[in-house]
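The values are calculated or read from the model by the stated rules, or taken from the named source; none is laboratory data. The structure presented is a predicted model; accordingly, all values stated were derived computationally and were not measured. All Cβ positions, glycine included, derive from the backbone under ideal geometry; neighbour counts span all protein chains shown.
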Amino acid sequence: MSIEIKPSVCPYDCPDTCSLLVEVKNGRAVRVAGDPEHPFTRGALCAKMAHYERTVHSSQRLTQPLLRTGPKGTGAFRPVTWTEAISLIADRWREISSTYGSAAILPFSYAGTMGIVQRNAGHALFHRLGASRLNRTICSSAKEYGWKAVLGNTQVMHPDEVIESDLVILWSINALVTNIHFLHGVREAKKRGATVWLIDTYETPTAQLADRVFLTRPGSDGALALGLMHILARDGLVDQAFIESCVQGYPELEDAILPDYPPEAVSRITGLSTETIEEMARSYAQARAPFIRLGSGLSRYGNGAMAVRTIACLPALVGAWTKPGGGIMGNIATGACLDTTLITREDLQAKPTRLVNINQLGSALTELQDPPLMSLYVYHCNPAAVVPDQNKVLAGLSREDLFTVVHERFMTDTALYADIILPATTSLEHSDIYRSYGHYGIQRVFPAIFPVGEAKPNWEVFCLLAKAMGFDEQVFEQTTDDLIDELLAKPSAWLTASDLTKIRAGQSIQLPLPSDYKTVYKTPSGKIEILNPAEDPPLPCYFEPHGDDAPFWLSTAPYLPLLNSSFNERDDLLENQRMTLQMNPADATAKGLTDGARAVAFNTRGEVTFILKVSAKVPPGVVVAEGVWWLKNAPGDRSINALTSQRLTDKAAASTFYDTKVDVRAE
Ligand code: SF4
């Protein structure tokens, strides 16, 4: 049998959104490669996806529906048919709705797949049902809030502009792990003579690309930005002409805020020396076209939205926006190109129902609610591992009276607590359409292979459940491809007829950007809003993160072999890897801990056992734990999120994963 090559897209929560070429033989994916024609990802894949076929055809795939037969969490299940599983779920939901109201049911999902249809597939059903709604603020909402406070809906810089920069600042982004294709442009810029800085809380693997590494105290990034602006103002290094024509509120910032952030004060907050802060400010001002690539880590502190807002002001002071290669790049928003309300169907809600914050699932399941949460439907998500305060989440999932359904590809930590498990397709087994948040690409995909075993995609399962619940809206009769066709049939201000034709046919396209996109500011004033009268406070400022009463900041960092908790099924990726806690040599000595020893990190929320890795790349007072590990792959009985808290950010009710302190002891 010959090999067929089928185009696809990486479905994971990564800004690169790589285009794939899948080799299929005898109905099996036998090789997955990057598409060399893709203008941003250029045929390269990360190590995780280079053998995606091992995930797709893993012997650990769930291939049939399962019904729990033993205590929750023990993995005791027996197979049932799809018909039985669907009718059991519908019966329980009817019972729960009539006793407690439908708001006692909570859908739970995030970004296990980034496809527009499968990711949002549950919304129509749960809106129609009147279930509680999930406020999905676990990842980037504080970052987006801070960004919008200054730049509104201004188009985000194209990543390839970095090539033209002479000073690239990677700020709180471990791009070698989380945004590898962006580094192509960074390397090109370096070849042309650019200097690269890394600003982070420890020396991440990305440091190997940087000419200078600046390690700041966790949660202090906003203060550093104010300190840099103080020096720019003090030394007359600002671009007055740009400020006068394009910026709102610089004089107010200069008068009311910047005097409080001289280098001495900022040094005390950030841990950087005054000389370093002075040098950074001068270099930033002197750069021809400074480019800041803003990561997400710094937005996951209690002051995260304000930190992003403050840093977003910096390029305006030096007029970086007017220079090719100058500015700041956050997450790219392309939502305006397609009308996704056709999928999310808010119109099916009789009225808006209770909103449960995704970061506070533990409390929602274990504390008194009105009505109580009596059923959880989890799809492409693993809350037992990925949401904060794991001990509370596991206590909630253990409740015998909680009816939990998990639609998954693998027996995750969450699936172990399900009453019913439904087997899910991988991205190679269903249709979808993908947009990126790290470049301007968009691509539709069709299935490359038939579903493995009895696996079904999200949309198909929600249509089966809708039918079983007696919902007869026409949307539940549609297939995924019908929905995508409908999306692409709607005229879009951003997509030409020829773009739409290409997308329909499965070709990848890049959304076009107008030539003046960096100098047209889509804010209420039409200017960059350093002063934003709609905000409280109207000017950027600095305040401390939450912290805990413990000696070490804990960085819950990304990890090359894993993506959140995905890829834990891949023994080949985790071979010779261990769940480590990295600690500075002086701190390890003071604690009597040695490299390779078992060590326990603990705080008021929990205790987690790690293998200690002594490393000078981590500054004193900080410990680093990379990756979200499944419990079966962890050295002890808990993983990283037993230490993180349900506290929220200053704005946008986002997660504060990095705003965590711990103490450490030998096991
Ligand atoms: S995880 Fe990111 S880098 Fe890796 S293949 Fe997917 S999109 Fe590309």
* Out of all the residues in segment 43-70, which are of a type in the set (D, E, K, R) and over 23 Å from the mean Cα position of the chain (by Cα)? -> Glu53, Arg54, Arg61, Arg68
* Asked: When you scan segment 143-179, how many residues do you find that are among the hydrophobic types (A, V, I, L, M, F, W, C) and within 16 Å of the ligand (Cβ to nearest atom)?
  -> 4
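Residue by residue, here is whether (1) hydroxyl-bearing (Ser, Thr, Tyr); (2) assigned to a loop (DSSP other than H, G, I, E, B); (3) farther than 28 Å from Ile5 by Cα holds:
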| site | (1), (2), (3) |
| --- | --- |
| Phe476 | no, no, yes |
| Ile484 | no, no, no |
| Ser498 | yes, no, no |
| Ile503 | no, no, no |
| Asp516 | no, yes, yes |
* To do: State all residues of segment 180-200 that are away from the ligand (no atom under 16 Å from the Cβ) and either within 22 Å of Lys617 (Cβ to Cβ) or assigned to a strand (DSSP E or B) (or both); if no residue qualifies, say none.
  => Lys190, Thr195, Val196, Trp197, Leu198, Ile199, Asp200
* With the condition kept exactly as written, say whether any residue in segment 29-45 is closer than 24 Å to Leu106 by Cα and either exposed (fewer than 15 other Cβ atoms within 10 Å of the Cβ) or modelled with pLDDT of 95 or more (or both). => no
* **Checking Asn153 against (1) free of Cβ contacts under 8 Å to residues at least 12 places away in the same chain; (2) surrounded by fewer than 22 Cβ atoms within 10 Å (Cβ to Cβ); (3) under 18 Å from Met329 (Cβ atoms), the condition it does not meet** => (1)
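Here are some residues: Ala210, Ala223, Ala189, Ala175. Which one is free of Cβ contacts under 8 Å to residues at least 60 places away in the same chain and either surrounded by 22 or more Cβ atoms within 10 Å (Cβ to Cβ) or closer than 22 Å to Gly438 by Cα (or both)?
Step by step, each of Ala210, Ala223, Ala189, Ala175 is checked, and only Ala210 is free of Cβ contacts under 8 Å to residues at least 60 places away in the same chain and either surrounded by 22 or more Cβ atoms within 10 Å (Cβ to Cβ) or closer than 22 Å to Gly438 by Cα (or both).
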* Structure fact -> Of all strands (runs of 3 or more DSSP E) fully inside segment 7-90, the set with 3 or more residues that are within 16 Å of the ligand (Cβ to nearest atom) is 19-25, 28-34
* Across segment 562-587, what is the total count of residues that are in contact with a strand residue (DSSP E or B) (Cβ under 9 Å, 6 or more places away or on another chain) and assigned to a loop (DSSP other than H, G, I, E, B)? -> 4
* Asked: Can you tell me which residues in segment 548-593 are surrounded by fewer than 21 Cβ atoms within 10 Å (Cβ to Cβ) and at positive phi?
  -> Asn576, Gly592
* Asked: Is there any pair with a first residue in segment 559-584 that is more than 20 Å from Thr412 (Cβ to Cβ) and away from the ligand (no atom under 14 Å from the Cβ) and a second that is assigned to a strand (DSSP E or B) and not hydrophobic (A, V, I, L, M, F, W, C) whose Cβ atoms are under 7 Å apart and which are 6 or more apart or on different chains, and what are they?
  -> Thr580/Lys613; Leu581/Lys613; Gln582/Lys613
* Asked: Given the residues Lys467, Lys456, which is the only one that is touching a Leu at 6+ places or on another chain (Cβ under 9 Å) and of a type outside the set (Val, Ile, Thr)?
  -> Lys456
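Within the group Glu244, Glu252, which residue is in a helix (DSSP H, G or I) and without any contact (Cβ under 8 Å) to a residue 24 or more places away in the chain?
Just one listed residue meets the conditions, Glu244.
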* Could you list all residues from segment 296-317 that are buried (at least 24 other Cβ atoms within 10 Å of the Cβ), assigned to a loop (DSSP other than H, G, I, E, B) and not polar (S, T, N, Q)? => Arg300, Tyr301
* Hey, Pro107 within 28 Å of the chain's Cα centre (by Cα), in a loop (DSSP other than H, G, I, E, B) and closer than 30 Å to Leu465 by Cα or not -> no
* **Those residues of segment 451-485 which are touching a residue at least 60 places away in the same chain (Cβ under 8 Å) and more than 30 Å from Arg94 (Cβ to Cβ), in sequence order** => Val452, Ile484
